[in-house]
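The values are calculated or read from the model by the stated rules, or taken from the named source; none is laboratory data. Keep in mind the model is a prediction, meaning the values are calculated, not measured. Glycine also receives a Cβ, built like all others from the backbone with ideal geometry; neighbour counts cover every protein chain displayed. Just the protein is used for accessible areas: all its heavy atoms, side chains included, with ligands, DNA and RNA removed. Shrake-Rupley method; radii C 1.70, N 1.55, O 1.52, S 1.80 Å.
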Amino acid sequence: MVLPVLAVVAGLILLVWSAERFVDGAAATSARLGLSPLLIGMLVIGFGTSAPELVVSAIAASQGNPGLALGNAYGSNIANIGLILGLVALVSPLAVHSGVIRRELPVLGGVTLLSALLLLGDGIVRLEGILLLVVLAGFMVVSVIQGLRTGEDPLSSDTETDLAAHPMSLRVALGWTALGLVLLVASSRLLVWGAVAIAQSFGVSDLIIGLTVVAVGTSLPELASSISALRRGEHDLVLGNVVGSNLFNTLGVVGLAAVIAPIDAGREVLLRDWSLMTAMTALMVVFAMGWRGREGRINRLEGGTLLAMYIGYIGFMISLVVGSATA
């Protein structure tokens, strides 16, 4: 058990560091190549923070552990909303001004419902994985077109501030992007090996490990990015990171893993994990969109509610692991 635990710890540390370098390098490269700050915020930063989930899930699926891939994606979505958004809102209530984010929130809700239809068949086959990837590609095309047409948006100014905080030449940006990507793959392989070994030692499924330990670890880049944005008062970038990441996880991460290896998912995934993910997504949408003249925001009470739901979920999952270990 010692070696797998060390592998998970080392893999997580290296994963977080390399993910930050990759996102910073990719964002700076995009800026140097003339991509607008709004598109960088929507696509590069929002989706780029999901690079750890994508690499980890792809490696897990290719090594015959598709349950770990699915657990990583859905568990990360739950952690993004409950742990990251809830914790950040507790520290400082988040005001939502970006029209781009307001358009993406209902899309995230629809994509989450789509995932339930696929899970009704007790798994996601390759054809359904391709469907998810096609939906993601379509969404990205529409996002680019709308981004080019959209004028000034609060997300754009937040992204400009974030880019100014990490100035790089094109050569340096390309170097960090390449190095970050290489280390992402290496750290993900280490993390997957350790996680699978721990799951086998405790007698639990790789899905459970993916939903808990691996999901929290791959969500750490989003947490670091959100804390950094919060310090600069970039509230829209915080929520944009979470929404973009969850969209990419649900469509891209699960879709790619299913194309590599069909994912078997028991009914408990739909009843337990998907149901909580959907409830938290719905609350986030309601809080952020506003209603009856209430401006979109996530205050401390609402953030505390999301965080409490996450803590309760993790507590329940830990009880499953302990129960399996003592059985």
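None of 116, 137 is exposed (fewer than 15 other Cβ atoms within 10 Å of the Cβ), in contact with a Phe, Trp or Tyr (Cβ under 8 Å, 6 or more places away or on another chain) and at pLDDT 90 or above except 116.
The single condition among (1) under 18 Å from residue 176 (Cβ atoms); (2) at pLDDT 80 or above; (3) outside any helix (DSSP H, G or I) that residue 35 does not satisfy is (2). Annotation note: of 245, 205, the sole residue that is surrounded by fewer than 23 Cβ atoms within 10 Å (Cβ to Cβ), in contact (Cβ under 8 Å) with a residue 60 or more places away in the chain and out of contact with any Lys or Arg (no Cβ under 9 Å at 6 or more places or on another chain) is 205.
Would you point out the residue of region 119-134, among those that are within 26 Å of residue 268 (Cα to Cα) and of a type in the set (Val, Ile, Thr), that is surrounded by the most Cβ atoms within 10 Å (Cβ to Cβ)?
Filtering region 119-134 for residues within 26 Å of residue 268 (Cα to Cα) gives 119-133.
Within this subset, residues satisfying the condition of being of a type in the set (Val, Ile, Thr) are 124-125, 130.
Working: 124: 25, 125: 15, 130: 14.
That would be 124.
Being of a type in the set (Asp, Glu), touching a Phe, Trp or Tyr at 6+ places or on another chain (Cβ under 7 Å) and under 17 Å from residue 220 (Cα atoms) is a condition met by no residue of region 51-66. Applying the set (1) part of a helix (DSSP H, G or I); (2) touching an Asp or Glu at 6+ places or on another chain (Cβ under 9 Å); (3) in contact (Cβ under 8 Å) with a residue 24 or more places away in the chain to residue 200 leaves exactly one unmet item: (3). In the set (1) under 13 Å from residue 284 (Cα atoms); (2) surrounded by fewer than 17 Cβ atoms within 10 Å (Cβ to Cβ); (3) at pLDDT below 85, the condition left unmet by residue 96 is number (2). Does residue 127 meet the test of being part of a helix (DSSP H, G or I), touching a residue at least 40 places away in the same chain (Cβ under 8 Å) and either among the aliphatic types (A, V, I, L, M) or on the phi > 0 side of the Ramachandran plot (or both)? In short, no. All of (1) touching a residue at least 24 places away in the same chain (Cβ under 8 Å); (2) outside any helix (DSSP H, G or I); (3) open to solvent by 30 Å² or more (accessible area, probe 1.4 Å); (4) of a type outside the set (S, T, N, Q) hold for residue 189 with one exception: (2). Assessment of region 40-56 against the conditions (outside any loop (DSSP other than H, G, I, E, B), of a type outside the set (A, V, I, L, M), open to solvent by 10 Å² or more (accessible area, probe 1.4 Å) and within 26 Å of residue 316 (Cβ to Cβ)) yields no matching residue. Residues in region 79-103 that are out of contact with any Asp or Glu (no Cβ under 7 Å at 6 or more places or on another chain) and among the β-branched types (Val, Ile, Thr): 81, 88, 91. Whether any residue in region 277-284 is within 21 Å of residue 117 (Cβ to Cβ), under 20 Å from the mean Cα position of the chain (by Cα), part of a helix (DSSP H, G or I) and not aliphatic (A, V, I, L, M) is what I want to check. Yes; the residues of region 277-284 include at least one that is within 21 Å of residue 117 (Cβ to Cβ), under 20 Å from the mean Cα position of the chain (by Cα), part of a helix (DSSP H, G or I) and not aliphatic (A, V, I, L, M). In region 243-263, the condition of being closer than 15 Å to residue 208 by Cα and at pLDDT below 95 is met by at least one residue. Screening 268, 222 for residues that are in a helix (DSSP H, G or I), acidic (Asp, Glu) and open to solvent by less than 10 Å² (accessible area, probe 1.4 Å) leaves exactly one candidate, 222. Applying the criterion of being open to solvent by less than 10 Å² (accessible area, probe 1.4 Å) and under 15 Å from residue 168 (Cβ atoms) to the residues of region 1-27, the residue that is modelled with the highest pLDDT is 25.
The set of residues from region 283-301 being at negative phi, open to solvent by less than 50 Å² (accessible area, probe 1.4 Å) and not charged (D, E, K, R) comprises 284, 285, 287, 288, 296, 298, 299.
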